[in-house]
Structure formats: C-alpha cells, structure tokens
Amino acid sequence: MPQQTAQEVIEIQRQDWNRVAAGWEKWDEFFDRSMACLNHRLVGDARLRPGHHVLDLGSGTGYPALLAAQVVGSQGRVVGIDLAEQMLAAAERKAARLGLTNISFRTGDATTLPFGAASFDAVTSRFCLMFLPDVPQAAAEIARVLKPGGWVAAAVWSDPDKNPSISLSVNAIRSVIELPPPDPTAPGIFRLANPGDLSSMLTQAGLCDVSESEFAAEWSYASPEEYYTNLLEIAAPVQNLMAKLSINQTQEVKRLILQGANRYRRGDRLVFPFVARLVAGRKPL
Ligand SMILES: C[S@@+](CC[C@H](N)C(=O)[O-])C[C@H]1O[C@@H](n2cnc3c(N)ncnc32)[C@H](O)[C@@H]1O
C-alpha cells in the first residue's frame, strides 16, 4: 500500500475521532472509572503544581487536561489541543460542568504546535502520540514549547499481548480477512508499544532524565455484549477494520470477539488487564 502523506494521516485521524466523539461522550463515566488512575500518574510524572501553565496533546474529551486544570488551580492554565473538534466540544462541556475557568481547548496538530518557544511549564499526553504522522517531529515540538526544567509525561499503549481488549478484536478480524502485516512505523494503536520507542525520540529531541515504565491496570464490563458495543463505539481504528467486512464476516467476527471476551470472566463481570507505557522527560535547565 502506498504510504500516506502526513497531511493524509492528519485528515484521516481528524475524521476518525470526530466520528466516534459521541461514543466517547456516551462512555465517559466508563473512561473516568477505568482510567482516572492514569490521569493521576501523568499529572504526577509531569510534576504539575498550582500556577503551572500546561499543554495537553490530543486531549480528546479532556483526559488528562481536566485533572491538570484542577491541580494547577486558578493561578494556572491548561490548553488542550486536538485535531477533532467534536472530541473537544465534549471536553468543553465537561469543563463547564466542572466549573473550570482555567482551561481552554483548541484544534491543532501536535506535530506543528501553534505556540511560542518555552511557553509551557509542562506537557501531558494520553494515548495520542502513536497516531501522529511524525512522532520525532512532535518530540521536537514538545522540547521547543517547554520551558527549561519543564517536564513532559505521556502515556501510549504497550504491547498488544498485554492489551487483550484491543488485540482480541484485531485478531478476530484478521482471522476472517487478510490484512497487511502491521507496519511498526505507521501511525496506529501500537506504534509506540516497544520499550525505548518513545523515550529514545524524546532523548533525541534533547530532553534529559527520560524514564519509562509500564503501568498495568484493569477495566471491566458487565457482559461481553457491553464490551463489544463499547469497542465499536469508541475504537476508531477497529471501526475502520470492521468497515472492510461483509455482513456474514461481521457476524463471524462478533461471534469470535464475544467468545474470546468470555475468557476474561471474573465473577459476574468481564475483567480485562491493560498495560500502558508511561514516558517522562525534562527539558534541560
Ligand atoms: C485515543 S484518543 C485519546 C484522547 C484522550 N487523550 C484520552 O486519553 O481520553 C486520541 C486522540 O488523539 C487525537 N489526535 C490524533 N492525531 C493527532 C494530532 N496529529 N494532533 C492532535 N491530536 C491528535 C485524536 O483526535 C484523538 O482525540
């Protein structure tokens, strides 16, 4: 398949995430319940303090930007940037409900940041960087907009084997249609899954004290059907693959996913492990 240009990647990402924005808003309580722990880790790893000016890359429906705004308080400010205006509209509604007046969201591309050099005390990002057309370019942009001494903290997905709630669906689709082998350098869910992938890019961009670790947690569903519905309503990359299937193939994939999901039964719930890779680094003084 011919390689997509950076502009094509960005436009596809914008359309993909706008398409699932309503699903993300519908499942917001699920995200809050399952993944708040990650927001707290990111806010901690970015060393946020009251008064800080923070940039959140790929905020989507507001994670971890909304928590960051609560931590930096009325003297601080948070800007969330994302390609998908409909994801940001949901984030804005949540900020209003929380009464946060120190946060704003704007559309933009994380690889060409519309901010001056040294304008932020910290940068955060949850599950966005692997979708960028040029991650080293984004790392250079992060280094540029950080103030000397400022920290970046980012979460990306770790290995597919450690994230069965994502890989189960892709494996089921792969068993009914031929898909090209995953290109480890192309934008996608597991683009930065390997140890050292993102941390080496941050080091290359000039950041220091770069560290990375895996963060393991669980999310749970009431039933395989709830898991399947959630998956199809929020996972834009999975939706794209499902769109390639005939009606019969869709039914077979659904059967395989429900069957596979049943392996994760614990008591009356379905409990999936998930593992994120957390990477942090600091701009030298
Ligand atoms: C999986 S969602 C994560 C959203 C949120 N950070 C969270 O963890 O809930 C990925 C987000 O990255 C955004 N995104 C993808 N490519 C981007 C880019 N080049 N610049 C800015 N945002 C981008 C998408 O629009 C989408 O909202």
Picking from PRO187, PRO237, the residue that is surrounded by 13 or more Cβ atoms within 10 Å (Cβ to Cβ), touching a residue at least 12 places away in the same chain (Cβ under 8 Å), under 28 Å from PHE120 (Cα atoms) and out of contact with any strand residue (DSSP E or B) (no Cβ under 9 Å at 6 or more places or on another chain) would be PRO187
Are any residues in the stretch 1-55 touching a helix residue (DSSP H, G or I) at 6+ places or on another chain (Cβ under 8 Å) and outside any helix (DSSP H, G or I), and if so, which ones? GLN4, VAL20, TRP27, ALA46, LEU48, ARG49, PRO50, GLY51, HIS52, HIS53, VAL54, LEU55
Which ones in the stretch 141-177 are in contact (Cβ under 8 Å) with a residue 60 or more places away in the chain, within 16 Å of the ligand (Cβ to nearest atom) and either over 19 Å from the mean Cα position of the chain (by Cα) or under 17 Å from TYR264 (Cβ atoms) (or both)? VAL145, ASN163, SER165, ILE166, SER169, VAL170
ASN248 meets each of (1) of a type outside the set (Val, Ile, Thr); (2) loosely packed, with under 13 Cβ neighbours inside 10 Å; (3) farther than 23 Å from ARG41 by Cβ; (4) in contact (Cβ under 8 Å) with a residue 12 or more places away in the chain with one exception, condition (4)
From ASN39, ASN18, ASN102, which residue is surrounded by fewer than 20 Cβ atoms within 10 Å (Cβ to Cβ) and either near the ligand (Cβ under 9 Å from one of its atoms) or of a type in the set (Phe, Trp, Tyr) (or both)? ASN18
Criterion (within 24 Å of THR111 (Cβ to Cβ) and more than 17 Å from the chain's Cα centre (by Cα)) met by exactly one of GLY260, GLY188, GLY206, GLY267: GLY206
Hey, can you tell me all the residues within the stretch 56-87 that are part of a loop (DSSP other than H, G, I, E, B), crowded, with 24+ Cβ neighbours inside 10 Å and at negative phi? SER59, THR61, TYR63, PRO64, LEU83, ALA84
Evaluation of ALA155 against (1) of a type in the set (A, V, I, L, M); (2) in contact with a Pro (Cβ under 9 Å, 6 or more places away or on another chain); (3) part of a helix (DSSP H, G or I) (one fails), failing number: (3)
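Each reported figure results from applying straightforward, stated rules to the coordinates on display, with no laboratory input. Computed from a predicted structure; not experimentally measured. We place every Cβ from the backbone using ideal geometry, glycine too, and count neighbours over all the protein chains shown.
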